[in-house]
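Shown next, in C-alpha cells, is the structure this report addresses.
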Amino acid sequence: MSRTALLFDLDGTLIDSVYQHVLAWKEALDAEGVELSVWRIHRKVGMSGGLFTHILLRETGLEITEKRLERLRIRHAEAFNRYHAQHAVRALPGARELLAHLTAQRMPWAIATSGRMETAAHNLAALGVDPEKVPVVTRDMVRHAKPDPDLFIAAADRLGVDIQHSLVIGDSVWDMLAAQRARTLGIGLLSGGYGQDELERAGAFRVYEDPADLLRHIDEIVARE
C-alpha cells in the first residue's frame, strides 16, 4: 500500500497566525471605512482573500471595485507582515516536529495555502520550510482557493499522488469543505478557533487539538505499507 500523503493548510494549522490575520483584515477594512466586528471577520478567515473580501463587501452593501479589492489585499498584507516583524507569529506547538517526523518516515506532504507568497513566505521561514524543496501551493497558483478544492488538488499533483489517497489537514470549515469537494478525507485541528462540532459538521474525519496532538496520534490516520 502506498503511503498516505498529507496536504497541510498553513495559517492556523501549522502557524499560530489566525488572529493576526483577523486583526490585519480589520485594519485594512477600517482604512476603507468598512466597519465590521472582529468576530465576523474571524468566521471568514481560511477562505481565499478575494472571496473573503467579496463576501464582506457584499454583506455591508459597499461597492465592489477591483481598485478597492486590491487596496484591501495590499493593506492586509502590509499589516500582517508588520505583525510578523513584531514577533507575533510563530509555529504552532509540534508543527516543526510533525513535519520532521513525516520527512523522516518518508511520508509525502505538501502545503496548500489561501495566502499569497507575500504573506506565506514569513510563515514558511518560521517552519523552516524551503519552498524550493517542499511542494508549496499558494493562492496565485490556482484558479480558485478554498472552499474550492483547487489548492489541495494542485498540492497532490505536485507530490505525484492521487488526491483521493491524501488527507487534508486544516483548521477551518473551509478546509473541510474543500476536502469534501476533492473527495478526500479532512482532518481538523482546533488551533484555528473553530470548535470540534463545527469541523465535524463540515466533514472532518478526525479532530485534534494542534500539530503536537496530531503527531501523538499520527498512526490513527496514515496508511501503513
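Nothing in this text is a laboratory measurement; each read-out follows from the coordinates by a stated rule. Worth saying up front: this structure is predicted, and the values here are computed from it rather than measured. No Cβ is skipped: glycine too gets one built from the backbone with ideal geometry, and neighbour counts run over all protein chains shown.
Only Lys, Arg, Asp and Glu count, each charged at its Cβ (+1, +1, -1, -1), so figure out the dipole size of the chain about its Cα centre, rounded to 20 debye. With only Lys, Arg, Asp and Glu charged at Cβ, the dipole is about 280 debye. Reported to the nearest whole Å, the Cα centre-to-centre distance from the range 10-53 to the range 69-138 is 16. With both labels modelled 7 Å from their Cα along Cα-to-Cβ, the residue 103 to residue 82 distance reads 3.4 nm. Taking each DSSP H run with n ≥ 4 as -39500 (n - 2.57) and averaging over every residue of the chain yields -13500 deg cm²/dmol at 222 nm. Of the trypsin sites (Lys or Arg not before Pro) found in the range 106-138, the ones in coil according to DSSP and having at most 10 other Cβ atoms within 10 Å of their Cβ are 106, 133.
Out of the DSSP beta bridges found with both residues in the chain, what percent are antiparallel (nearest 5)? Here the antiparallel bridges make up roughly 10 percent for the chain.
The GluC sites (Glu not before Pro) of the range 29-96 meeting both criteria, a DSSP state outside H, G, I, E and B (loop) and at most 10 other C-beta atoms within 10 angstrom of the site's C-beta, are 35, 63. What you get for the range 25-145, charging only the Cβ of Lys and Arg (+1) and of Asp and Glu (-1), is a dipole of about 240 debye around the Cα centre.
Pairs from the list 26/67; 44/133; 26/146 with a Cα-Cα gap above 24 Å: 44/133.
Stretched out straight at 0.36 nm per residue, the stretch from residue 143 to residue 64 would grow longer than its current Cα-Cα span by 26.5 nm.
Packing-based ranking of 207-215, 95-103 yields 207-215, 95-103, ordered from highest to lowest mean Cβ neighbour count within 10 Å.
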